[in-house]
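The values are calculated or read from the model by the stated rules, or taken from the named source; none is laboratory data. The structure presented is a predicted model; accordingly, all values stated were derived computationally and were not measured. Glycine also receives a Cβ, built like all others from the backbone with ideal geometry; neighbour counts cover every protein chain displayed.
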Amino acid sequence: MKKISLFLVLMSTMLSFSQSEFQVEVDLGYAFQSEMILNDESLDNTSAFGVRFGVNYLKMFNDKIYMETGLYGKYNRGNRRIETLEFTSNNLKIQLPLYVGYKINNTWKFSVGASIENNKDFDNIDFKREDNLRYDLLTKLVYVYNNKIQFSFYTNWMVNFTYDVYTISSPKNGLYLGVIYQLRKTKKTKEDKI
Amino acid sequence: MKQLTYCILIVGFMCGCTNYDDNIKLNVQDYKTLTPENIDTNLKVANLILDESEFKEMYDNYTEDIEIQGVLNLYKNGVILIENEVVEVEIKGTFSAAFELKSLGIKFDDTYNNEDRKLIDPEILPFHSLDRVKAFRFRNSGNDFENTMLKDMSYTKLAVNAGLNLDLTYAEQTVVFVNNKFLGLMNLRTEANTNGMSRLYGVSKSDITLAKILEGGIVEKKDGDFDRIDDFIAAIDNEDYDYLINEIDVDNFIDYMIFESYIGNRDWPKNNVRFFAVNDGPFRFVLFDLDLVATQDIDSSPMSFINNPIGNPITDLFNIMYANENFRQTYDVRFQNLINSALLSSTRFNEIATEYKSNIEHIMPTQINKYNTPETFTEWYLNIDHLKNNFEARENYVR
């Protein structure tokens, strides 16, 4: 898993193609997982409200294929109940996604990718442990409304094993609808850069 | 490259946070109005009667060796078990003494007769005795104070249930009051020192030779025949197998090394080692202080725990013994038998941790209200699940 995170980080910092785009994105949605156990009790409610907010950086390979990375904050709020306790969790995590996208036409784009995300709060990080990070498979469908505004349907699916103590406040999977605002487009060639 | 990954994410980590808002469905007792008489619990309740100003001075100056005298009363379900027993009280612990709730060492004026098991009544190993107790402590669960309040006890009970050939401390969960005011939920625990070992074997303190290995592998001679301790350490330095095989209780040493390395105690053996002998008997090793077990390097082999990078006599002793074919064979067979049995399984560990959790579940909200650690009842439950998960992860790795 460390190799995956390294690959994602390196790829997200080494993009150098001709056209680039900066965007900001806000998504609202629903996070969930099939089963959640706390205190040896199976929880009835395993879902959470979610907000993602962050910036995207896109680089075009050619007219159709592009790569996209970004930096996101991911907030989840959920309510859970066991026999002795009802509690509300509020959770903010940082996510680093990397996608490969395909521009279907001038209106629709689709991308798949992966992300790394902190699995623990900073004060619980132990660099000798393997469970500091979580890894998700991502999909993103984008509808281009106009030059400035796009709408997205984003999903995440956690792929690594982790105990429920980490996902109880940030469930494994998510479905989000979002708005993307195009900040700027630049057109550069490699020759320009040299 | 690993560092690069972490550097990039570190800013993000610093922003990440989780919090929980509790709505507890239990009857939460207010610690400010709680007394030994009105507390609703099946646990033992201790009430120490101490001079308020002396206690405050001792508590505030916990790094100094201040000992005060007082009286102990112990109740269970409103029935008095021990009445007005004169005791000496002092603060115990090193790092854990900095916590707001501090461990208290309790020493009886005379050795306490516990034949009726009124003071402490845990399940014990058949070769131990708790009939007499000279000293014990109300322990704040050490470095686990901020997490579960039951970690050390759970690991110790696992060893006892497995019937390992170990010397250890015994504990019972207890609610402690000082001058009728709620001090906190603590673990009434026997001692791992000369007093503790002499009582376990029903011998006089003067019959015990005991040494410690402190942080960094430094040997500290505590009591008894110091020349014998010196000779023992010299034999380790000289790799004198023939001397050492006769100086240690081999079965005890094997179980001790297997258990500590199986559970993954990173604060050992360069620290937290005590070995002792009764008169001319062989040296035995004491299992204690398991607060930092399975917190780091869960995916490391038992041998890597034994071969701690910080040099220490126990690692050296083990390597001398393990180089011998007979010892190695005995060790490996015992290791496989124990690991493959259900005795040290996560199933068994979970049962123990769940039992201890259930015992204190009703009093933890009160404890959290007073000490704000862990910050919420939810986090306490999560910490216990985390404790179980770590054991399971360790078990899966070792097996």
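Scan region A:41-75 residue by residue and report those that are part of a loop (DSSP other than H, G, I, E, B) and of a type in the set (Ser, Thr, Tyr).
Passing the criteria: A:THR46, A:SER47.
Identify, please: which residue in region A:36-69 is touching a helix residue (DSSP H, G or I) at 6+ places or on another chain (Cβ under 8 Å) and within 13 Å of another protein chain (Cβ to nearest Cβ) and is, among those, farthest from B:THR354 (Cα to Cα)?
Looking at the filtered set, the residue picked out is A:THR69.
Collect the residues in region B:207-225 that are in contact (Cβ under 8 Å) with a residue 12 or more places away in the chain and of a type outside the set (A, V, I, L, M), keeping them in residue-number order.
Within region B:207-225, B:ASP207, B:THR209, B:LYS212, B:GLU215, B:GLY216, B:GLY217, B:LYS222, B:ASP223, B:GLY224, B:ASP225 meet the criteria.
Working only within region B:194-245, note down all residues that are on the phi > 0 side of the Ramachandran plot and in contact with a Gly (Cβ under 9 Å, 6 or more places away or on another chain).
Across region B:194-245, the qualifying residues are B:GLY216, B:GLY217.
Output the residues belonging to region B:42-68 that are closer than 15 Å to B:LEU183 by Cα and either in a strand (DSSP E or B) or β-branched (Val, Ile, Thr) (or both).
Result: B:LYS44, B:VAL45, B:ALA46, B:ASN47, B:LEU48, B:ILE49, B:LEU50.
Of (1) out of contact with any Lys or Arg (no Cβ under 6 Å at 6 or more places or on another chain); (2) touching a residue at least 40 places away in the same chain (Cβ under 8 Å), B:SER103 satisfies all except one. Which?
Failed condition: (1).
Within region B:359-387, count every residue that is of a type in the set (S, T, N, Q), at the interface with chain A (Cβ under 10 Å from one of its Cβ atoms) and within 22 Å of B:LEU188 (Cβ to Cβ).
Within region B:359-387, residues that are of a type in the set (S, T, N, Q), at the interface with chain A (Cβ under 10 Å from one of its Cβ atoms) and within 22 Å of B:LEU188 (Cβ to Cβ) number 1.
Where in region B:290-343 are the helices (runs of 4 or more DSSP H), entirely inside, with at least 3 residues that are surrounded by 15 or more Cβ atoms within 10 Å (Cβ to Cβ) and either without any contact (Cβ under 8 Å) to a residue 12 or more places away in the chain or of a type in the set (Phe, Trp, Tyr) (or both)?
On the way: elements: B:302-306, B:313-322, B:325-340.
Answer list for region B:290-343: B:325-340.
Every residue in region B:388-399 that is of a type outside the set (Lys, Arg), more than 10 Å from chain A (Cβ to nearest Cβ) and surrounded by fewer than 19 Cβ atoms within 10 Å (Cβ to Cβ), please.
Matches in region B:388-399: B:ASN396, B:TYR397, B:VAL398.
Are there strands (runs of 3 or more DSSP E) fully within region B:140-250 with at least 3 residues that are surrounded by fewer than 19 Cβ atoms within 10 Å (Cβ to Cβ) and more than 18 Å from the chain's Cα centre (by Cα)? List them.
It comes to B:218-223.
Any residue in region A:49-74 that is closer than 29 Å to A:ILE168 by Cβ sitting within a Cβ distance under 9 Å of a residue that is outside any strand (DSSP E or B) and aliphatic (A, V, I, L, M)? List the pairs, counting only those 6 or more apart or interchain.
Every condition considered, the pairs that remain are A:THR69/A:LEU8; A:THR69/A:MET11; A:THR69/A:LEU15.
Do we find that A:LEU141 is surrounded by fewer than 21 Cβ atoms within 10 Å (Cβ to Cβ) and either within 15 Å of A:PHE53 (Cα to Cα) or within 11 Å of the chain's Cα centre (by Cα) (or both) in this structure?
No; evaluated as a whole, the condition is false for this residue.
Look at region B:223-250 and say how many of its residues are in contact with a Lys or Arg (Cβ under 6 Å, 6 or more places away or on another chain) and among the charged types (D, E, K, R).
Total meeting the criteria: 1.
Go through region A:81-173 and tell me which strands (runs of 3 or more DSSP E), entirely inside it, have 1 or more residues that are within 14 Å of chain B (Cβ to nearest Cβ), in contact with a Phe, Trp or Tyr (Cβ under 8 Å, 6 or more places away or on another chain) and touching a residue at least 12 places away in the same chain (Cβ under 8 Å). Talk me through it step by step, then tell me what you get.
Values: elements: A:85-103, A:108-118, A:133-144, A:149-158.
Output list reads A:85-103, A:108-118, A:133-144.
Among the residues of region A:46-62, count how many are surrounded by fewer than 16 Cβ atoms within 10 Å (Cβ to Cβ) and either touching a Lys or Arg at 6+ places or on another chain (Cβ under 7 Å) or at positive phi (or both).
The total comes to 1.
Which residues, counting only those in region B:299-351, are touching a strand residue (DSSP E or B) at 6+ places or on another chain (Cβ under 8 Å) and within 30 Å of B:HIS386 (Cβ to Cβ)?
B:PHE305, B:ASN312, B:ILE314
Residues checked against (1) surrounded by 15 or more Cβ atoms within 10 Å (Cβ to Cβ); (2) at pLDDT 90 or above; (3) in contact with a Phe, Trp or Tyr (Cβ under 6 Å, 6 or more places away or on another chain):
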{"site": "A:LEU10", "(1), (2), (3)": "no, no, no"}
{"site": "A:THR13", "(1), (2), (3)": "no, no, no"}
{"site": "A:SER18", "(1), (2), (3)": "yes, no, no"}
{"site": "A:GLN23", "(1), (2), (3)": "yes, yes, no"}
{"site": "A:ALA31", "(1), (2), (3)": "yes, yes, no"}
{"site": "A:MET36", "(1), (2), (3)": "yes, yes, no"}
{"site": "A:ASP40", "(1), (2), (3)": "no, yes, no"}
{"site": "A:ASP44", "(1), (2), (3)": "no, no, no"}
